[in-house]
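Here's the structure we're looking at; comments come further down.
The values are calculated or read from the model by the stated rules, or taken from the named source; none is laboratory data. The structure displayed is predicted, hence computed values, not measured ones. Glycine also receives a Cβ, built like all others from the backbone with ideal geometry; neighbour counts cover every protein chain displayed. Just the protein is used for accessible areas: all its heavy atoms, side chains included, with ligands, DNA and RNA removed. Shrake-Rupley method; radii C 1.70, N 1.55, O 1.52, S 1.80 Å.
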Amino acid sequence: MEIDPFIFRLSIFILSIFVGYYVVWSVTPSLHTPLMSVTNAISSVIIVGAIIAALAGSSEVTFSTSSIFGYAAIILAAVNIFGGFLVTQRMLQMYKKKKDKKK
Amino acid sequence: MISANLSAIFYLVSGILFILALRGLSSPDTSRQGNYFGIAGMFIAILVTFLSIGNFSTSLIYVLVFLLIGGAIGSFIAFRIPMTAMPELVAGFHSLVGLAAVFVAIAAFLNPDIFNLGSSGNIKLASLIEMSIGAAVGAVTFSGSIIAFLKLRGIMSGAPITFTGQHYLNLFLGISIFVLIFYLCKTQTANIYWSLIAISFFIGILLIIPIGGADMPVVISMLNSYSGWAAAGIGFTLENSALIITGALVGSSGAILSYIMCKAMNRSFFSVILGGFGADNTSADKNEKQDQKPVKSGNAEDAAFLMKNASSVIIVPGYGMAVAQAQHALREMVDKLKKNGIKVTYAIHPVAGRMPGHMNVLLAEANVPYDEVFELEDINNDFANSDVAFVIGANDVTNPVAKTDPKSPIFGMPVLDVEKSKSVLFVKRSLSPGYAGIDNELFYKDNTLMLFSDAKKMTEDIVKNLD
């Protein structure tokens, strides 16, 4: 009997939860705010679904109901991707050690 | 353009890059590199999606334009936002992820063919369940984050909003979600799908309104977690491993942060969610009893004198410092103290502020080197050997009652042992109790000097008096 591909995806999912568990425990508490902003940015990889919704339909129709939802989701996710990574970068630039005191 | 197998491998690569991005955050030195890994992962995922669809008609131009519009808005916000507004920014961003998940789920429901999920009205059962979960969690994330954003921004009162039967209503709505998903699978009717999403929006609002201001660190972490689970739900629908991996990572990350925050307050996750902390009458009685006690108060001159003659000072910042934007003045004060050869360190309680790591970011912004900033368990023993503890904007996290009075609502919460220091300087606007609604015993100790003023103003005055 063949294994349903769903089971493979479920395996990836469960294993990733474990990876996430151990990786996140090793994050230093002083970087918890950047952790939140970067997880925010990467969860916007949902833009992949938005792009499919916008583009994968027939190439003659630019605006269908589903592609409009796709376009809207692209804007939302793009705000998050750019905003999330940039604000994380801005925060991380501020964390300095004692020796390099000069800004 | 490229085969499904090849693109699946690229999605896996971007998932791994996201893991490395989080891994980088284990130390500030590697964190910047980690962020680049994250950006690379995102770039690969987007590029591969374009190539695998291979549609280069006018639609692509629209997609790129919308991508740039969103990107421009995001960049603008990222550069302009003040660091003190970080909690509401994160809450706002969570709401966008949630709404994007809802939109993608709607698009998948309306046009299942393009996602290979079957045809409209005849969607595969598993996909239908997955997209329902993705849409419901996304909707809860969206409306919950909006409420959190409004509360953090001060547009909506931070006080818990409760009404009778609230929990039963939530329970009823929660059950109705499952019933709706069940009927959706049987009938595939669009109206059921819309009501499912509408009820989920409503649940998100109901979940967050009873939660008060100081519980916000838990709420933000929880919403962070939800946004991850929503992404994972959509990932299952789209059969996309990058989304599944990322969703799982973000989901567990948010869950761990919620756990850390709850533990730091010695509260169970459910008691936070059910809300209404500090509204009980027992704590009000206590306030009345202690009103008579004498309090020593001083001014900036006394504080400066005490600190000048100290050999070690520990600073305990809290939400009040963020509100008053006192971090720069504080840093100036510390510089002056250090010039006089005084050892200065910072002690941070995990729930200080409105989100995990809030104080650390503000201190970093004020150019405080991160190796002078310590977490609760690393510094708590040092209070006994310190001359001055300077509490600025923190309250409940220093209350010794948590260690002594089993009846106190915060009993058992890990607190900073501020009272062990030779003298305590407490910058606060008034004697009013903190968020937990209980009096702080520390105010009435012999070695405590209260400095009644705005945190920023007091710090600036102390700086003047240190010369």
Fill in: Qualifying positions in segment B:29-42 - open to solvent by less than 10 Å² (accessible area, probe 1.4 Å), at the interface with chain A (Cβ under 7 Å from one of its Cβ atoms) and within 15 Å of A:THR33 (Cα to Cα)
B:SER31, B:ASN35
Worksheet item: Residues in segment A:74-86: is at least one open to solvent by 50 Å² or more (accessible area, probe 1.4 Å) and either within 7 Å of chain B (Cβ to nearest Cβ) or in contact (Cβ under 8 Å) with a residue 24 or more places away in the chain (or both)?
Response: yes
Practice prompt. Tell me which residues, restricted to segment B:51-71, are more than 7 Å from chain A (Cβ to nearest Cβ) and surrounded by fewer than 17 Cβ atoms within 10 Å (Cβ to Cβ).
Written response: B:LEU51, B:GLY54, B:PHE56, B:ILE61, B:LEU64, B:VAL65, B:LEU68
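Each row is one residue, and each column tells you yes or no for (1) at pLDDT 90 or above; (2) in a helix (DSSP H, G or I).
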| residue | (1), (2) |
| --- | --- |
| B:GLY247 | yes, yes |
| B:SER252 | yes, yes |
| B:MET261 | no, yes |
| B:ILE273 | no, yes |
| B:GLY278 | no, no |
Worksheet entry | Matching option when the condition is of a type outside the set (Val, Ile, Thr), closer than 30 Å to B:ASN55 by Cβ and in contact with a Ser or Thr (Cβ under 7 Å, 6 or more places away or on another chain), among B:GLY24, B:GLY38, B:GLY15 | B:GLY15
Discussion item. Looking only at segment A:9-31, count every residue that is over 30 Å from B:PRO369 (Cα atoms), more than 7 Å from chain B (Cβ to nearest Cβ) and not small (Gly, Ala, Ser) and tell me the total.
Written reply: 4
Practice prompt. Being part of a loop (DSSP other than H, G, I, E, B) and either more than 7 Å from every other protein chain (Cβ to nearest Cβ) or within 16 Å of B:TYR319 (Cβ to Cβ) (or both) is the filter; apply it to segment B:354-379 and report the residue that is modelled with the lowest pLDDT.
Written response: B:ARG354
Item to complete: Could you please tell me which pairs satisfy a Cβ distance under 9 Å, a separation of 6+ or placement on different chains, a first residue in segment B:108-126 that is over 18 Å from B:GLY54 (Cα atoms), and a second residue that is in a strand (DSSP E or B)?
Response: B:ALA108/B:ILE123; B:PHE109/B:ILE123; B:PRO112/B:GLY118; B:PRO112/B:SER119; B:PRO112/B:ASN122; B:PRO112/B:ILE123; B:LEU117/B:ILE123; B:LYS124/B:GLY118
Discussion item. For segment B:386-428, give me each residue that is part of a helix (DSSP H, G or I) and open to solvent by 10 Å² or more (accessible area, probe 1.4 Å).
Written reply: B:ASP396, B:VAL397, B:VAL401, B:LYS403, B:THR404, B:GLU419, B:LYS420
Practice prompt. Report yes if some residue within segment B:197-208 is buried (at least 24 other Cβ atoms within 10 Å of the Cβ), more than 20 Å from the chain's Cα centre (by Cα) and not basic (Lys, Arg); otherwise report no.
Written response: yes
Item to complete: Tell me, please, whether a residue that is in contact (Cβ under 8 Å) with a residue 60 or more places away in the chain, in a loop (DSSP other than H, G, I, E, B) and either among the hydroxyl-bearing types (Ser, Thr, Tyr) or within 29 Å of B:PRO87 (Cα to Cα) (or both) can be found in segment A:21-38.
Response: no
Worksheet item: Consider B:ARG153 against the criteria (1) open to solvent by 60 Å² or more (accessible area, probe 1.4 Å); (2) touching a Phe, Trp or Tyr at 6+ places or on another chain (Cβ under 9 Å); (3) away from chain A (no Cβ under 14 Å): it satisfies all of them except one. Which criterion is unmet?
Response: (2)
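Find the residue count for segment B:429-445, including only residues that are open to solvent by 30 Å² or more (accessible area, probe 1.4 Å) and in contact (Cβ under 8 Å) with a residue 24 or more places away in the chain.
7
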Worksheet item: Hey, B:THR448 hits all of (1) in contact with a Leu (Cβ under 6 Å, 6 or more places away or on another chain); (2) over 20 Å from B:SER311 (Cβ atoms); (3) more than 14 Å from chain A (Cβ to nearest Cβ) but one; which does it fall short on?
Response: (2)
Worksheet item: Quick check: is even one residue across segment A:56-79 under 26 Å from B:ASP29 (Cβ atoms) and not in a loop (DSSP other than H, G, I, E, B)?
Response: no
Item to complete: Could you grab me the full set of residues in segment B:81-98 that are surrounded by fewer than 24 Cβ atoms within 10 Å (Cβ to Cβ) and more than 14 Å from B:SER221 (Cα to Cα)?
Response: B:ILE81, B:PRO82, B:MET83, B:THR84, B:ALA85
Discussion item. What are the pairs with Cβ atoms under 7 angstrom where one residue, in segment B:72-101, is closer than 15 Å to A:MET94 by Cβ and facing another protein chain (nearest Cβ under 7 Å) and the other, located anywhere, is assigned to a helix (DSSP H, G or I) and of a type in the set (Gly, Ala, Ser)? Sequence gap at least six, or different chains.
Written reply: B:ALA78/A:GLY83
